[in-house]
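A quick write-up on the structure given underneath.
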Amino acid sequence: MNYATMIPYTRHSLDQADVKAVAAALVSERLTQGPQLDAFEVEFAEAVEAPYAVAFSSGTAALHAAAHVAGVGPGQELLTSALTFVASANCGAYLGAQPTFADIDPDTWNVSTETIADAITSRTSAIVVVHFAGYPAPVHEIREAVSVPIIEDAAHALGAHTEHGPVGNCAHSDMCCFSFHPAKAITSAEGGMVTTRSREYAVRLRQFRNHGFVLSNGWYREQRELGFNYRLSDLHAALGRSQLKKLPRFIERRREIAGRYRVGLAGVVDMPPIHLGHAYHLFTIRHPRRQALYEGLRDRGITTQVHYTPVYLNPYYRDSHRYESCPNAEAYYAECLSLPCFPDLTDDQQDEVIEAVRDVLA
Ligand SMILES: *Cc1c(COP(=O)(O)O)cnc(C)c1O
């Protein structure tokens, strides 16, 4: 099999403007902690309409920092969706808390106030609400129903919006975390961001990113708490800034691709739930013959992926704690498959995918 000619399920989109931006940063005075980082944070905050944005070396580091600042610690629980990337839960484990899981709503594939109510306990110290595949989760309703800090995991949802504005404006959450891994809406190769409306959170996020240092006048600085080196370099920030300019076009193209799948595969597979503000990080369909579909597409040169194995079924979690099963997440997991969906996917390639799905399931 020649993987170079396979159609991938996702791929970053880079152009000469990105190359120039990184090259310019590379020959500038500062390779890290410089003007590219500052500008990326300012421009990102503007893009999602949040007062503060703090960049990190990855989305995982961003989640770790947000959970720390929200007060998650030993003896507590951190509640997130059963259907997510492991990092949404691991951030609680890093801090000595027990990750716990809420089931998904079968109609939205996100957590809901009901599934949160079933899973929350007196030890829950924060909730990480995931916008699965880019479909906005009901953060507004969850905020009204609970009193613990809410951290949005918006790794899939840059470019998504609701009636309350862009995801990331923290209208009804404490902090919102993003990832710039190449699979995501925009990339900085590796990178992440936390947005917030709280000045105090922003200060503490910056402190955690840089060893727990508090800078004073002149040369003096002191370490007040145990932080990390979670800084984003200026090369990565320069790429992030260049990519951010293209976000509206990227999202428009993702929505166009989703629309073409909905027409081309109508009646053949179960479609993802519809939302006007959907960012379509993934276009995930459901079909009882998922394994046959995966293999049939692979044999026709098309790579697909399963998002996700419910987190608590991973050995790290399963072997260390007794989890109640989340039946909706498991039923979804048995049937789901993410089809190719990324801005540079051509109409011809997508037609090939649609044709292949129809062929395999015929
Ligand atoms: C990608 C992703 C992360 C982690 O981001 P990285 O930048 O890869 O560390 C966290 N949560 C979700 C839901 C993701 O998809």
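Derivation of every value follows stated rules applied to the coordinates shown; laboratory data play no part. Because the structure is predicted, anything quoted here is derived from the model rather than measured. Reconstructed Cβ throughout: ideal geometry from the backbone, glycine too, with neighbour counts over all protein chains shown.
A few comments on the model shown:
- Across region 59-64, rounded Karplus estimates of 3J(HN,Hα) from the backbone phi angles (6.51 cos²θ - 1.76 cosθ + 1.60, θ = phi - 60°) give x, 5, 4, 4, 5, 4 Hz, Gly and Pro being marked x.
- The length gained by stretching the chain between GLU46 and ARG224 to full extension, at 0.36 nm per residue less their Cα-Cα distance, is 61.0 nm.
- Cleavage-rule hits, chymotrypsin sites (Phe, Trp or Tyr not before Pro), region 100-189, DSSP coil, Cβ neighbours within 10 Å at most 15: none
- Values of log10 I(q)/I(0) for region 62-130 across q = 0.17, 0.22, 0.28 Å⁻¹ run -0.52, -0.84, -1.22, by the Debye formula with one identical scatterer at each alpha carbon and no solvent.
- Cα convex hull, region 234-288: 95 Å³ per residue, rounded to a whole number.
- Taking only the Cα atoms of region 157-255, the ratio Rg/Rh comes out at 1.04, with Rh defined as the Kirkwood radius.
- Gain upon complete extension [ASP344, ASN217; 0.36 nm per residue less C-alpha separation]: 40.9 nm
- Highest to lowest packing among 230-237, 153-160, 215-222, scored as the average C-beta count within 10 Å: 153-160, 230-237, 215-222
- Net charge of neighbours whose Cβ lies under 13 Å from the Cβ of GLU190, counting Lys and Arg as +1 and Asp and Glu as -1: +2
- Compactness index (Cα Rg / 2.2 N^0.38 Å), region 1-146: 1.31
- In order along region 335-345, the Karplus-derived 3J(HN,Hα) couplings, from 6.51 cos²θ - 1.76 cosθ + 1.60 at θ = phi - 60°, round to 10, 7, 7, 8, 7, x, 7, 6, x, 8, 4 Hz, and Gly and Pro are given as x.
- A simple charge model with +1 on the Cβ of Lys and Arg, -1 on the Cβ of Asp and Glu and nothing else charged puts the dipole of the chain at about 740 debye relative to its Cα centre.
- Surrounding net charge for LYS245, when Lys and Arg each add one and Asp and Glu each subtract one, Cβ distance under 11 Å: 0
- Contour excess over end-to-end distance, with Cα ends at ALA362 and THR5 and 0.36 nm allotted per residue: 126.0 nm
- Theoretical FRET efficiency, 1/(1+(r/R0)^6), r = Cβ-Cβ of ARG322 and ARG249, R0 51 Å, to 0.05: 0.60
- Between the amide H of TYR52 and those of THR196, distances stay under 5 Å, these residues lying 5 or more places away or on another chain, with hydrogens modeled in the peptide plane.
- Reference-scaled alpha-carbon Rg (2.2 N^0.38 Å with N residues) for region 290-362: 1.40
- Percent of Cα pairs in the chain per distance bin of 10 Å, from zero to the largest separation: 5, 24, 32, 25, 11, 2, 0, 0.
- Cα-Cα pairs of region 205-272 separated by more than 14 Å (percent): 74 percent
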